[in-house]
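Okay, structure first, notes after.
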Amino acid sequence: MAKTVTCIQSISLFAQLRIHFLSFVFGGWVLCKRLLKWVWDPRGSSMVLRDTPPSFLVDSSMGQHKHVKLKGTKLHYVESGPKDQPLVLLLHGFPYFWLSWRYQIPVLSVNFHVVALDLKGFGDSDKPAWRSSYKIDTILDELTQFVHSLGVKSCIVIGHDLAALLGWYLVHKNPSVVSKFLAVSCPHPNVFWMTFNSTYNYQWLNYVQLPYLPELDAVKEDVKIINEYYKHLPAKDVHLHAYKYTFSRKEDWTAPINYYRNLTLFKISEHLDQIEVPVILVTGGKDQFVSLEGVIKSTEFCEFFRLKVIEDCGHFPQQENPEIFNVVLLKYLVDRSAVPKGNSARSTSQRLINGLFGAVSNTVKYGNSVLGTVQKKTNGVVNSIPFSLTNRIPDAARN
């Protein structure tokens, strides 16, 4: 009898201990900085109460606001488009909610049944405080149930940031519920944690393992963290007020942070078969959190993989350049040739070449040194590629 391979596995005990040790190191550093800042300016850490939501959060201009209860947890979502068309499930990142897809909902709803979900713990969905409520298996089961509650067996899943991580897990564990998967600004989970280009984010992921303190830190100085995450938005953008309203209380941060308290401790088994669901990774050309190394390694987990890079965008291509992003989105969703034919196995070298040519076909310029990186991955198979790539590559890809 064949041995059953567990899809989601804990990281090594050493890695877990390392994360918890670093959480105290970075937590102590943050406490020292906050204490010194409070002594210098006691009023600087005051919180602003926001009790009235912006009008566009409760009107029906984007779609109908609905709720569904799954095993005692109420989820909020915005629904638009004809229900007899293919379902597109939009999953937001951190720290966002359904509004992060405001530029995509009207475009997609012309030809698709669009549902923009508030993940459990975000927006108007229920926010259970216990960390155990956000175990990855629990979240994936709830997402599967949610899709089925909409009257379909499978759907197109589009996830950004944190939700793209969840999407990767979903296509591994419950592939039957996903017909196509589009990951925005997020490589495969097994390489996501190892290919950070940002020291700040690496420190933050360890720091949030501490209880209570990260939540208090998030709401300081009128939820300053929102301004830091949304630097691509003008200072007076009305949507900033909506995000600050949604995350203005300490309790609004416990659930979102609990995702990362759990996710960093788990990985997908290396012994699973490749993902058969068509996968496309869309990222901004200036995204500091997605390295070329992460993109290349992600192809190794996929039977069919395509890459789209949107120039002059950072971590939020769907908001920074929604026109181009929507064109890419629609092209992928309606491109029948994107569905693989047959089950012929592809070697690692072939998959890497396909990923590279997917990028090149969209006039993406990653830098001449991309050739050296890919050649190492493919044992020199791509030596004869007749073009030049001129943009810079992240440092992690040069190593």
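Taken together, the values in this text are just the output of simple stated rules run on the coordinates, not laboratory data. Note that the coordinates shown come from a computational prediction; the quantities given were computed from them, not determined experimentally. For neighbour counting, all protein chains shown are included, and Cβ atoms are generated from backbone atoms with ideal geometry for every residue, glycine included.
What distance in nm separates the simple spin-label points at GLN64 and SER132, each placed 7 Å from Cα in the Cβ direction?
The two pseudo-label positions are separated by 3.7 nm.
What FRET efficiency comes out for ASN227 versus LYS331 if R0 is 35 angstrom and r is the Cβ-Cβ distance? Round to the nearest 0.05.
On the way: r = 34 Å, r/R0 = 0.96.
Taking R0 as 35 Å, the efficiency between ASN227 and LYS331 is 0.55.
Let's test this: bin the Cα-Cα distances of region 64-339 at 5 Å from zero up to the farthest pair and state each bin's percent.
1, 5, 13, 18, 21, 19, 14, 7, 2, 0, 0
What is the distance in Å between the Cα centres of region 208-283 and region 112-134?
Cα centroid to Cα centroid, the span is 12 Å.
Placing unit charges on C-beta atoms (Lys and Arg positive, Asp and Glu negative, everything else neutral), compute the dipole magnitude of region 64-339 about its Cα centre in debye, rounded to 20. Don't skip to the end; give the middle numbers.
Details: 28 positive and 29 negative charges, 108 e Å.
The dipole of region 64-339 has a size of about 520 debye.
Mind checking the full-extension length gain between PHE56 and HIS241? Use 0.36 nm per residue of separation minus the Cα-Cα distance, one decimal, nm. Don't jump to the answer; show the numbers that get you there.
On the way: separation 185, 0.36 × 185 = 66.60 nm, distance 1.12 nm.
Length gained between PHE56 and HIS241: 65.5 nm.
How do the peptides 183-194, 15-26 rank, highest first, by the average count of neighbouring beta carbon atoms within 10 Å per residue? Can you show the working numbers first?
Numbers: 183-194: 22.3, 15-26: 14.3.
By packing density, highest mean first, the sequence is 183-194, 15-26.
May I have the extent of the alpha carbons of region 82-177 along their three principal axes, as whole Å values ordered from largest to smallest?
Cα spread of region 82-177 along its principal axes, largest to smallest: 39, 27, 20 Å.
Where does the charge balance sit around ARG50 when Lys and Arg score +1, Asp and Glu -1, over other residues with C-beta under 13 Å from its C-beta? Display every interim value, and only then the final one.
On the way: positive: LYS244, ARG249; negative: ASP51, ASP222, ASP252.
Once positives and negatives cancel, what remains is -1.
With each pseudo-label sitting 7 Å past Cα toward Cβ, what's the SER10-HIS148 distance in nm, one decimal?
2.9
Grab region 169-289 and count how many Lys pairs have their alpha-carbon atoms under 16 Å apart, sequence gap of 8 or more, or different chains.
9
Would you kindly calculate the mean projected area, averaged across all directions, of the convex hull enclosing the Cα atoms of region 252-327, in square nanometres?
Numbers: hull surface 27.3 nm².
Hull-based average projected area comes out at 6.8 nm².
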